[in-house]
Structures are given as C-alpha cells and as structure tokens.
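Working notes, structure below.
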Amino acid sequence: VAQFSFSKAGEMGRDTVGQSDVRRELERTRRLLSFLSDNAREAVVVLQGGTVRFCNARAAELSGLPASQLIGSAFRDFVHPDDLPFVEATHERRLKGEDVPRSYVLRVRDQSGAFRWLELSASLVEWEGSPAVLAFFADISERLRTEERLREGNERFRLLFEQARDATYISTREGRFVDVNPSMLRLFGYDQGEMRALGLADVCAEPLECRTFLAAVERNGFVDDHAMKVRRKDGRLVDCLVSATVRRSADGAVAGYQGLVRDVSEKRLAYERLQEVFIDLVETTARMMETVDPYTAEHQRRVARIADMVGRKLGFDDERLQGLYIGAMLHDIGKLAVPVTILTKPGRLTANEWNLLRSHPVRGHEILNEASFPWPVADMALSHHERLDGSGYPHGLRGEQLQLEVLILGACDVLEAMSSFRPYRPALARDVVVSELREGRAVRYSAEVIDVLLELIAHDGIALGVTYGTVPGGL
Ligand SMILES: [Fe+2]
C-alpha cells in the first residue's frame, strides 16, 4: 500500500493549522500533481470501484476521449475482452490488499476501436478517504512490434543457419565454438555439447595454421577460403576451406567470429584424379611419337625429367612445375610433321632437309597453340631452339624475350641431345657436354639454368654418357 493519500482539504490538520494555510498548501499540492501528471509520458489514472476518478492528459490521449469524459467512465469498457477476467480479478484483489503483481501487460481500446499494448504499474492508494488504485500505463505497442520483427528476423536467420549446407559456426574471440549448425556437427562427427567444449584450434590439424588464420581475421576483419586440414572426432583428416568474419559488439569491440567450413576433400580428390588423367594424356600423346620416331619420344621424356629437376632447384611451385614438365614432354611434337626419313637419317642432311627439320618448332607451336593450356607450353615448343645471344631459330629472339621456362627447356634440350646417341653420331663424352654448357653460360644459355645443370651433373643428379636404349627409365 502506497505511503501517500489524496485527501479532502477539510481532513488536513483541521485543528492545528489555519484554514488559509491549509488551502494554500492544498493548492500547491494540486498544482504540483497536475504539473507532474500532465507532463508525464505515462498515462496516470486513479480507479475507484472500477470507475476512472482521475486521469492525466496522456491517459485522455490514449483513450481518445477528453479528460472530462474519461473521468467517470468504467475502466472495463476499455479493456480487451480476453484480458478482462485477469484485470478485474487482480484489481479486486489489489483493493483487498492481497499480494498481486504490481505490474503487468494488457490490451486497451481507444475510441477508434484499436487496441494497444500497455504496461500497467499499479499501487493501492487512498483517494478522498477510500481505497483506490493509482495506475501508470506505458504504451509498449511499438516496443512489442520491434521485438516481434526482431524475433521474426532472428527466426529467419536461425532457419538459414540450421539448414545451411555449409558447416557454419559462431565462436568467441578465443575461437571457442558458441553455436554450430547441423552441417558442422555432421562434418566433425561431434554433438552440439561436445562441439561447444572445443575451439577452432582443437579441430585444426595444424595449430600454427589456426593461429595464422585467426590473426588474419582479426587484422583484416575477414578471411575467405583459407585452406585448412581439420580433424574429425574419429581422427580422420578432412581438407577444408575456412572463411570467417569478425563479430562486433554494440561498442565496436571484437566479440568473436562467425565462419564457414567447406569440405573440399572430394573436390580435391576429383581434381587430383583429373590432373593424373591429364598428365597420362600428355604422356600418351608424347608416346605416340615413338611409333614414328623413338629417339624423339625418349628424348622428350628425358628432357622433361631434367627440366623438372631444374624447376625444383629454382623454387618453382607445383603448378609451374607441372607446366614445365608438360611443355618439355611435348616440345618436339612438331617433328610429327617432319618426314621420318629425315628424322632417322644416319648421314648428313641436305640444306632442304635441314630446313624441314628446323620447321618443327613452328609446327609444334601450331599444334599446341590450339589447346588452351594455362602454361606457356606452345611458346616452349616454339622457342626452345632460341638462344640468349639471338643465334637461335626460328625467330632469332634474344635475352629478355625468352621466358624462364623456355630458357630451362633450351639448355636441358641441348644437354640431353648431346649426351644421347643419335643415328648420325654417338653420344658425346661428358667433358664435351660440360664444356659446351660452360662456354654457352650467359652467352647462349641462361647462367642461372646452367649453374643448376652443372651442379646436378657434378653431384650425379644427371648421369651423362648413357646411350639411348641401354638404361630403360634412366636419363
Ligand atoms: Fe627440338
């Protein structure tokens, strides 16, 4: 029960204070009360016996009635029928001094017939000598609508999250999982509870990899498709692409991360199989030359192996090494257009025959240029007889015009050709080969490539003086 009462003037200190003092005091209290209630954002109503005995401007505004009309109205006429039993019962019990909730939510109708959600806070007071209820009403319709929209929005996101085919997670800043979706549980083989006890660092196969990833997310605000191996509950490693974005709290501080984990192990396997098939196809194409010209077929295989060794020494990545290998494997394919009698002629070639033989780089380029290789394979065929000093053919290109793949192939081609048996001459001795490379270093051949080749020869990485056909599979 409230500690104050709204009393009739006559009841205030009749015997101790003079009438005029009482009136002044009463007038002051009324003005203060009316100032407070008229400026309150909440509706203020005094109810007695179910009837409105007092209301402020806001209460009149909410009801759609002038204050003079609202006062004297029955409160029940404004309450939504579904809320009425509870409202009336609570009102009765409050008047009897029983313990009832001080505050609750109800629907109240205005003159247009529309209902609003109001939050009521009520206290038992004394009004003109009798018990009454002083009630404050706050209009919370807008707040409820906003909450409803938020809830709907949250539900939609929840649905997206739950049904996403990609494994999706929300984690703390330290990387511990707060929430993960069913796809994530399937990918890792854990249940939600087990998953929440873990973090990205626990499921990442390489802890260092995880730290690098999280640092990059923090630095850039996001990371897309970071390749990462993750470990399932059963111990199996899965190749994944992980993406994450920083999640911020209202004050802009990093609250954690949200991320996606995409299982790419099958795609990767398929890609690797496709690559194997592709290399097989290239090797098959190169083998086709065997039926026409066994020397050239074997020569291409050996050059490809040496070029691969050089590429590795020069720090080529797997992608570039593959291009180098394929380019070397097919560099003499243009010889298919040269009569086999010329290719295998034991004696000296006539000028005409030489010209035909020397057309093979251009013919090779014509063949390979049709295919859209992501590597300079056609250029390697075209330019493998070009030399740094412009003394090569077919275009007499020099220096800067020759890319590294071409320079590697050019030097490996010479090395292999000299050290192998040819129908018109035996294999040349190791000394002869080495001195040709030394003399041509930085003149006809790239110094960088020659240095690698000489090192390989010195350490028996490349065996010289092996005659074709005697060491199958050897250089
Ligand atoms: Fe050639």
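Would you please list the contacts, defined by Cβ atoms under 6 Å and residues six or more apart or on different chains, that run from a residue in segment 315-342 that is among the hydroxyl-bearing types (Ser, Thr, Tyr) to a residue that is within 16 Å of the ligand (Cβ to nearest atom)?
If the second residue must be within 16 Å of the ligand (Cβ to nearest atom), the pairs left are TYR325/ALA304.
Among the residues that make up segment 279-286, is at least one of them over 29 Å from VAL340 (Cα atoms) and either within 35 Å of the chain's Cα centre (by Cα) or part of a strand (DSSP E or B) (or both)?
no
Does segment 334-357 contain at least one residue that is of a type in the set (Asp, Glu), at pLDDT 90 or above and not in a helix (DSSP H, G or I)?
No, segment 334-357 contains no residue that is of a type in the set (Asp, Glu), at pLDDT 90 or above and not in a helix (DSSP H, G or I).
I'd like the full set of residues that are hydrophobic (A, V, I, L, M, F, W, C), surrounded by fewer than 16 Cβ atoms within 10 Å (Cβ to Cβ) and in contact (Cβ under 8 Å) with a residue 12 or more places away in the chain, limited to segment 34-56.
Hit for segment 34-56 is ALA40, nothing else.
Identify all residues within segment 343-355 that are in contact with a helix residue (DSSP H, G or I) (Cβ under 7 Å, 6 or more places away or on another chain), away from the ligand (no atom under 13 Å from the Cβ) and aliphatic (A, V, I, L, M); write none if there are none.
The one that is in contact with a helix residue (DSSP H, G or I) (Cβ under 7 Å, 6 or more places away or on another chain), away from the ligand (no atom under 13 Å from the Cβ) and aliphatic (A, V, I, L, M): LEU349.
So ASP38 passes all but one of these: (1) assigned to a helix (DSSP H, G or I); (2) within 18 Å of ALA114 (Cβ to Cβ). Which condition number does it fail?
Just one mismatch for ASP38, condition (2).
Search segment 364-385 for residues being within 11 Å of the ligand (Cβ to nearest atom) and free of Cβ contacts under 8 Å to residues at least 40 places away in the same chain, and hand back the single one that is surrounded by the most Cβ atoms within 10 Å (Cβ to Cβ).
Filtering first and then ranking leaves SER383.
Does LEU185 satisfy being outside any strand (DSSP E or B), of a type in the set (A, V, I, L, M) and modelled with pLDDT under 90?
So LEU185 fails the test.
I'd like the full set of residues that are within 15 Å of the ligand (Cβ to nearest atom) and assigned to a helix (DSSP H, G or I), limited to segment 313-333.
Within segment 313-333, GLY327, ALA328, MET329, ILE333 qualify.
Would you mind finding the one in VAL303, VAL254, VAL261, VAL282 that is of a type in the set (Val, Ile, Thr), in contact with a Lys or Arg (Cβ under 7 Å, 6 or more places away or on another chain) and either at pLDDT below 90 or buried (at least 18 other Cβ atoms within 10 Å of the Cβ) (or both)?
Residue meeting the stated conditions: VAL254.
For ALA429, only one of the following conditions fails: (1) within 16 Å of the ligand (Cβ to nearest atom); (2) surrounded by fewer than 16 Cβ atoms within 10 Å (Cβ to Cβ). What is its number?
If we test ALA429 against (1) within 16 Å of the ligand (Cβ to nearest atom); (2) surrounded by fewer than 16 Cβ atoms within 10 Å (Cβ to Cβ), just (1) comes out false.
Tell me which residues, restricted to segment 160-201, are touching a residue at least 60 places away in the same chain (Cβ under 8 Å), closer than 14 Å to CYS240 by Cβ and not acidic (Asp, Glu).
Within segment 160-201, ALA167, THR168, TYR169, MET184, LEU187 meet the criteria.
Going by the conditions given, is ALA89 of a type in the set (A, V, I, L, M), more than 14 Å from ALA59 (Cα to Cα) and free of Cβ contacts under 8 Å to residues at least 24 places away in the same chain?
In short, yes.
From the list ARG262, ARG358, ARG268, pick out the single residue that is within 16 Å of the ligand (Cβ to nearest atom), in contact (Cβ under 8 Å) with a residue 12 or more places away in the chain and of a type in the set (Lys, Arg).
ARG358
Can you confirm whether ASP308 is part of a loop (DSSP other than H, G, I, E, B) and either within 16 Å of the ligand (Cβ to nearest atom) or free of Cβ contacts under 8 Å to residues at least 60 places away in the same chain (or both)?
no
The values are calculated or read from the model by the stated rules, or taken from the named source; none is laboratory data. Just so it is clear, the model here is predicted, and its values are computed rather than measured. Positions of Cβ are backbone-derived with ideal geometry, glycine not excepted, and every protein chain shown enters the neighbour counts.
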